[in-house]
C-alpha cells in the first residue's frame, strides 16, 4: 500500500489505519463522533493526500476539459474553482472532480483517489487537442482544515489574513514551499485546502504548525470515517456509493453542474434525453425516527414492493437519527413521501426529506 507523507504522524497519534484506494489511511484517531463534532463546532484536519492532481496545460487545455466534463469551464477565470463530473458516452459517471483555473492555458484537476489511473487513461484517450496532461498525484500532499474556526487557524498558520470566497484559491509561499490555498471542502463547513510539494520533514513541519495555530480552538485530527459522516449530513455524493458508471448526473441530482447548452461534450446526447424525458429513478434523502443503521445496498420498499436501494447511510451524530441517500423510482421520489428500509427482514419507516440533513 502507498503511504502519505503524514503516515508516521498518524501512526504516532494512534490512528486506526486501513486500506483506502491503495493507501494506508487513518479511518479514525479516537471517537468518530467526537471527530465529527469537532469539525461541526470548531476545527479539524484531514490528510487527503491520496487525492489525485492532474495538470492540463497548453493552447487547447480549456477545450479538452470542456470536452470531457459536464460543467462549463468557460465560466471560470484565474483563481476560480469549479465542481464538475466526467461522463461516458452512455451518460454514466467516470468521476466527479474539481477544476482549478491557474491561467487560461493551465488547469489543475483534483480527482478521487480510487479513480486516478482510470481518470488519467480516460482523459488521455479523449485528448485530440493541443493540450498536455501531467499526473502529479504522487508529488502533492493535501491537508483539509475544516470547521467554523478554520479561517482563524489558517490566518494564524500563514501569519496573515486570508480572505477568499467559496470555490476560489490563491498561492502562498510558506517557508520556501509554494502552496495552493483553496476554499472548497467536503464537510459543508467553512474550510480550506492546502496543496504543496515537499518531503516528509517539510510535511511534518506544516502539520505541526497548523496544530500549534489551532491549539486555542482545540483542533484535532479527523479520519476518513468522520469525513464520510460529515459529507453525508450535507448530502454530498461519494463516488462508488451514490454515483458511478451506472448512474448519470441528472438522476443523481447533479443537473446543476450539467450544462446541457454548452457545445458538445461526452455523454451530452444521453443527458439531454434523460433531462427531456425525465429520469426513471432519482437520488433522494431519507430520515428514520426508529433506531437503525442503514447501509449501502439495503433495499427500499413501498407497500411491500421494492422501489430502490440505499447508496450511503449512517446515524447522524448531529441529528442522532438514521439518515441515508438512495435511488428510488421517480414516482416514489416526492418530498415527504413515506417508504421503508428493509434491514435484516425488518421494515424501518422513513420519510424523504430535503437536503441538507444538517443545515
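The relative contact order of the stretch 52-129, computed from alpha carbon pairs under 8 Å that lie at least 6 residues apart in sequence, is 36 percent.
Can you compute the helix-only [θ] at 222 nm over the chain? Use -39500 (n - 2.57) per DSSP H run of at least 4 residues, normalise by all residues, nearest 500 deg cm²/dmol. Display every interim value, and only then the final one.
Details: 8 runs with 77 residues, N = 359.
Dividing the helical sum by the residues of the chain leaves -6000 deg cm²/dmol.
On a full-extension model of 0.36 nm per residue, what is the gain between residue 103 and residue 338, subtracting their alpha-carbon distance, rounded to one decimal in nm? Please report the intermediate quantities before stating the final value.
Working: separation 235, 0.36 × 235 = 84.60 nm, distance 4.89 nm.
That works out to 79.7 nm of additional length.
For the pair residue 234 and residue 293 in one chain, pulling the backbone fully straight at 0.36 nm per residue adds 19.5 nm over the alpha carbon distance. Tell me the relative contact order for the chain as a rounded percent, counting alpha carbon contacts under 8 Å between residues six or more apart. That works out to 18 percent. For a test of the definition: using alpha carbon positions, the gyration tensor, and the 1.5 limit on a/c, classify the chain as rounded, prolate or oblate. Oblate, because a/c is 1.5 or more while a/b does not exceed b/c.
Between residue 133 and residue 41, the simple label model (points 7 Å from Cα in the Cβ direction) yields a spacing of 4.5 nm. From the Cα gyration tensor of the stretch 311-359, with a ≥ b ≥ c the square roots of its eigenvalues, which class applies: rounded if a/c is under 1.5, or else prolate if a/b is larger than b/c, or else oblate? In terms of gyration-tensor shape, oblate.
Summary of packing: across the peptides 343-353, 210-220, 224-234, the per-residue average of other C-beta atoms within 10 Å ranks them, highest first, as 224-234, 210-220, 343-353. Straightening the chain between residue 13 and residue 77 buys 19.0 nm, computed as 0.36 nm per residue apart minus the Cα-Cα spacing.
Rule-based calculations on the coordinates, nothing more; no lab input. Just so it is clear, the model here is predicted, and its values are computed rather than measured. Positions of Cβ are generated from backbone atoms using ideal geometry, with glycine treated the same way; all protein chains shown enter the neighbour counts.
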